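The values are calculated or read from the model by the stated rules, or taken from the named source; none is laboratory data. Since the structure is predicted, the reported quantities are computational estimates derived from the model, not experimental observations. As a convention, Cβ positions derive from the backbone with ideal geometry for all residues, glycine included, and neighbour counts pool all protein chains shown. Quick note on the areas: whole protein, heavy atoms, side chains included, nothing else; ligands and nucleic acids left out. Shrake-Rupley method; radii C 1.70, N 1.55, O 1.52, S 1.80 Å.
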Amino acid sequence: MLLASGRSGVSQLAHVTGLSASGSLPPALAEVLEERFGARLASAEKLEGGLCNTTWKLATVSGPIAVRLGDASALQLGADRGSEVAALEAASPISPAVLLADPEAGWLVTEWIPGRHWTREEAREPDNLRPAGLLLARLHACRVTEGVRRLTLRSALLGLGLELDFETRSCLAALEYGAVIGLCHNDPHHRNILVDEAADLRLVDWEYAAIGEVVVDLAEYANVHELDDRDRALLLDAYRAAGGRVSQVQFEAARRLCRLRTSLWESGAAKKQS
């Protein structure tokens with residue numbers, strides 16, 4: 001179904017079909033965008049990046065919007081389109097505002113956030129670990145709302161086909177004992193972090209978001225950007241100073257399990273692309 005959304009809520013409209021064979025904007029979607037937003041279709045700019053999605057920047061009479069067209073393989077790798085919309089709503093204003101969405105067809109229309117992505121080097125800089133920790137603490141403090149799926153790291157690993165051995169079970173036990181549960185992005189790498197025009201950090205690409213162990217976001221950030229001991233401590237200190245709660249034992253267990261999850265996910269993604 002097609003959903004129209006603002007920060008005030010979501011209402012049902014009509015169904016719009018998915019991608020055309022050429023990978024361009026579907027005609028039915030293009031028509032809706034033109035009618036509702038005064039979209040200038042000739043301005044559509046296809047952006048780089050995205051293993052399982054294609055994103056377009058599109059000019060409208062009120063300014064640019066972002067149009068994300070999803071591939072079915074993302075669902076097989078753990079994405080949840082309906083949950084994504086609910087998570088975007090819950091994470092305001094860290095997240096971009098949802099304008100229209102069709103979870104069944106796999107496309108999403110959001111506000112365009114003027115700004116730039118962090119580079120990997122910026123995400124690793126010691127001076128940027130404090131704002132990164134603050135960003136994640138703000139995210140994890142968001143009020144959990146209906147519609148966002150629940151996904152623990154255990155269930156994610158099992159969903160990727162992992163058979164639990166003794167070491168993995170021990171890590172899961174360490175992670176889960178006293179774990180803080182909240183809204184997680186689950187993919188907080190530098191390409192999903194934007195610096196907006198006010199110099200605030202924002203998060204994009206929420207298709208893997210879920211309610212789960214919040215320490216997973218911290219572990220994933222540390223792993224992806226290969227933070228050393230000192231920088232991991234800086235990240236955790238900033239997170240705790242902003243009100244976040246996480247133990248060192250949980251963090252280390254989550255780091256090991258996230259590396260395992262990434263390996264399984266990349267293996268699955270390679271198979272889907274072959």
inquiry  = Under 8 Å for C-alpha pairs, at least 6 residues apart: give me the relative contact order for the chain, rounded to a whole percent.
reply    = 19 percent
key: Selected from A42, H185, P27, residue furthest toward positive end of dipole (the chain; charges at beta carbon)   = H185
Once exposed loop trypsin sites (Lys or Arg not before Pro) are cut out (DSSP; at most 13 other Cβ, 10 Å), longest piece of the chain = 8-142
Where the Cα pairs of segment 138-203 fall when distances are cut into 5 Å bins, in % = 3, 12, 17, 19, 19, 13, 9, 4, 2, 1
ask   = Label-point separation (nm) for A241 and E266, each offset 7 Å from Cα along Cα-to-Cβ?
value = 3.3 nm
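For segment 87-186, what is the accessible area per residue in Å² when the probe is 1.4 Å? Walk me through the numbers on the way to the answer.
Values: 4840 Å² over 100 residues.
On a per-residue basis, segment 87-186 sits at 48 Å².
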inquiry  = Which chymotrypsin sites (Phe, Trp or Tyr not before Pro) in segment 168-274 sit in a loop by DSSP (not H, G, I, E or B) and have at most 15 other Cβ atoms within 10 Å of their own Cβ?
reply    = Y177
query = How long is the gain from L158 to D127 if the chain were fully straight, where each residue apart is worth 0.36 nm and the alpha carbon distance is subtracted?
reply = 7.5 nm
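With all protein chains present and a 1.4 Å probe, how do E31, E84 order by accessible area, largest first?
So, going from the largest accessible area down, we get E31, E84.
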remark   = Helix 248-273: inclination vs the chain longest Cα principal axis, degrees, rounded to 10, gives 40 degrees
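When you have a sec, figure out the Kirkwood radius of segment 32-154 from all distinct Cα pair distances and drop it here in Å to one decimal? Let's see the in-between values first.
Details: mean 1/r = 0.0613 Å⁻¹.
When all Cα pairs of segment 32-154 are included, the Kirkwood radius is 16.3 Å.
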query = Counting only Cα, what are the radius of gyration and maximum Cα-Cα distance Dmax of segment 157-274, in Å?
reply = 14.9, 48
request  = Kindly provide the helix-only [θ] at 222 nm of the chain, computed as the sum of -39,500 (n - 2.57) over DSSP H runs of four or more divided by all residues, to the nearest 500 deg cm²/dmol?
outcome  = -12500 deg cm²/dmol
remark   = Counting only DSSP loop positions in segment 150-210, the GluC sites (Glu not before Pro) whose Cβ has at most 14 other Cβ atoms within 10 Å are E163, E197
query = About its Cα centre, what dipole magnitude does the chain give when the only charges are +1 on Lys and Arg Cβ and -1 on Asp and Glu Cβ, stated in debye to the nearest 20?
reply = 260 debye
request  = May I ask you to give the percent of accessible area on segment 122-162 that is carbon plus sulfur, with a probe radius of 1.4 Å?
outcome  = 48 percent
remark   = For the chain, using Cα atoms only, the Rg and Dmax in Å read 18.8, 58
